[in-house]
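Peer 1: Please see the structure below; I have some questions.
Each reported figure results from applying straightforward, stated rules to the coordinates on display, with no laboratory input. This is a predicted model, so every value here is computed, not measured. All Cβ positions, glycine included, derive from the backbone under ideal geometry; neighbour counts span all protein chains shown.
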Amino acid sequence: MAPASFEVSSTYAGGLVKALRELSLLTPQLEDRLDPLAKAFVTEPYGRGWWPGEASTTLLRLVLEAHGAARLEEAGLRTIKNSMGPIITPLTSVVGAIFGLKPSTLLERMGEFSTTSVRGVSLAWTLVSPTHGRLHVTYPPGEEGKVFEPMWRGACLYAFDVTKTTGGTVSSQVDGSSIVFDVRW
C-alpha cells in the first residue's frame, strides 16, 4: 500500500461515522461496498490515532454518490459539532472575548483548529471585507477536491452556527485538489 497523502484523526473519524449514522446516510448497502480499510474506519473509528486519508475518501465518495452533496454538507456540519465542537467550544469563548465572535474570527483560525482532525491538508483564510472572506483548502496532488467540498462547506456553516450569524452564504470553486470557499455574512 502506498503511504497516505493525508491523514484524519480518530476524533474526526468517530465524529464523521456518528454524523453519518445520525443522518441515516451510512446504510448497510453502502457499508457492503466499502473496501477493508474504509470498513475498519467505520467499524472501529477509534482503532488508530490517525487514519490514512484514503479511508475517509472512499467513504465520502460513496456517500456523495448515494445521497448527494447537500446531505454530505449536513454531515460535514454535524461532524464538526461531534468531533471538533467539544474541542473548539472552550476556545471560541476565549477567542470571542479577545477578538469578538464573528464568522471571520473562527474561519481565520480554521487551520489551527483543524490540526486535531487532519494532517497533510493546508488551509488559508483571506479576509476580503468585514463581512466577506475566502477559505482555501488544499489537499495533496491527486486528491479529488469535489469529494471533500461538501464536508468543508458544512465546516464553514459551523462558523455561522457558533457565532449565531444569520444570512451567511458559502459558495465554492473546486480545481483538482484545491477548494476555494467564498464566505459572506
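Peer 1: How large is the dipole of the chain about the Cα centre if only Lys and Arg carry +1 and Asp and Glu carry -1, each at its Cβ, rounded to the nearest 20 debye? Before the final figure, lay out each step's value.
Peer 2: Details: 17 positive and 18 negative charges, 97 e Å.
So the magnitude is around 460 debye.
Peer 1: Ok, one more. How much net charge surrounds VAL183 when only other residues with a Cβ under 12 Å from its Cβ are counted (Lys, Arg +1; Asp, Glu -1)?
Peer 2: Once all neighbours under 12 Å are counted, the net charge is +2.
Peer 1: Against the longest principal axis of the chain, how steep is helix 85-99, in degrees 0 to 90 to the nearest 10, with axes from Cα atoms?
Peer 2: Compared with the principal axis, the helix lies near 20 degrees.
Peer 1: Quick one: order ARG78, ARG109, ARG21 by neighbouring beta-carbon count within 10 Å, fewest to most. Numbers along the way, then the final one.
Peer 2: Details: ARG78 21, ARG109 18, ARG21 13.
Neighbour counts put them in this order, fewest first: ARG21, ARG109, ARG78.
Peer 1: Right, next: List the aspartates and glutamates whose alpha-carbon lies under 18 Å from that of LYS164, not counting same-chain residues fewer than 8 positions away?
Peer 2: GLU74, GLU108
Peer 1: Taking H as built 1.01 Å from N, whose amide H comes closer than 5 Å to the amide H of TRP51, not counting residues under 5 places away?
Peer 2: Placed amide hydrogens put VAL8, SER9, SER10 under 5 Å from TRP51.
Peer 1: Run the simple label-point estimate for THR169 and ASP32 please: 7 Å along Cα→C-beta, distance reported in nm.
Peer 2: It is 4.2 nm.
Peer 1: Suppose the chain between TYR46 and THR115 were pulled fully straight at 0.36 nm per residue; how much longer would it get relative to their current alpha carbon spacing?
Peer 2: Result for the pair: 23.1 nm of gain on full extension.
Peer 1: Any idea what angle helix 10-22 forms with the longest principal axis of the chain, computed on alpha-carbon atoms, 0 to 90 degrees, nearest 10?
Peer 2: 80
Peer 1: Which label marks the calculated value of volume of the Cα convex hull per residue in Å³, given the options [x] 107; [y] 126; [z] 164?
Peer 2: Among [x] 107; [y] 126; [z] 164, the one calculated here is [x].
Peer 1: Would you mind ranking THR58, THR27 by Cβ crowding within 10 Å, fewest neighbours first?
Peer 2: THR27, THR58
Peer 1: Find out how many positive minus negative residues lie around PHE6, taking Lys and Arg as positive, Asp and Glu as negative, among other residues whose Cβ is under 13 Å from that of PHE6.
Peer 2: Residues near PHE6 contribute -3 overall.
Peer 1: Okay, moving on. Students often get this wrong: which residues of the range 122-142 have the backbone nitrogen under 19 Å from the point 7 angstrom along Cα-to-C-beta of SER178?
Peer 2: Label zone hits: 122-128, 133-142.
Peer 1: Angle, helix 145-163 long axis vs. longest principal axis of the chain, Cα atoms, 0 to 90°, nearest 10?
Peer 2: 40
Peer 1: Pick out, from THR11, THR169, LEU30, the residue whose Cα sits farthest towards the positive end of the charge dipole of the range 7-184, with +1 on the Cβ of Lys and Arg and -1 on the Cβ of Asp and Glu.
Peer 2: THR169
Peer 1: Now a separate question. Would you order THR57, THR116 from fewest to most other beta-carbon atoms within 10 Å of each residue's own beta-carbon?
Peer 2: Going from sparsest to densest Cβ surroundings: THR116, THR57.
Peer 1: Next question, about the same structure. First select every other residue whose beta carbon is under 13 angstrom from the beta carbon of GLU144; then total the charges, Lys and Arg +1, Asp and Glu -1. Could the numbers behind the result be given before it?
Peer 2: Numbers: positive: ARG61, LYS146; negative: GLU54, GLU65, GLU143, GLU149, ASP175.
Within the 13 Å Cβ shell, the charges total -3.
Peer 1: Compute the separation of the alpha-carbon centres of the range 6-27 and the range 64-114 and state it in Å as a whole number.
Peer 2: Their Cα centres are 15 Å away from one another.
Peer 1: Right, here's the next one. Trypsin sites (Lys or Arg not before Pro) within the range 127-185: which are DSSP loop residues with at most 15 other Cβ atoms inside 10 Å?
Peer 2: Numbers: sites: ARG134, LYS146, ARG153, LYS164, ARG184; in loops: LYS164.
Those that pass, being in a loop and sparsely packed, are LYS164.
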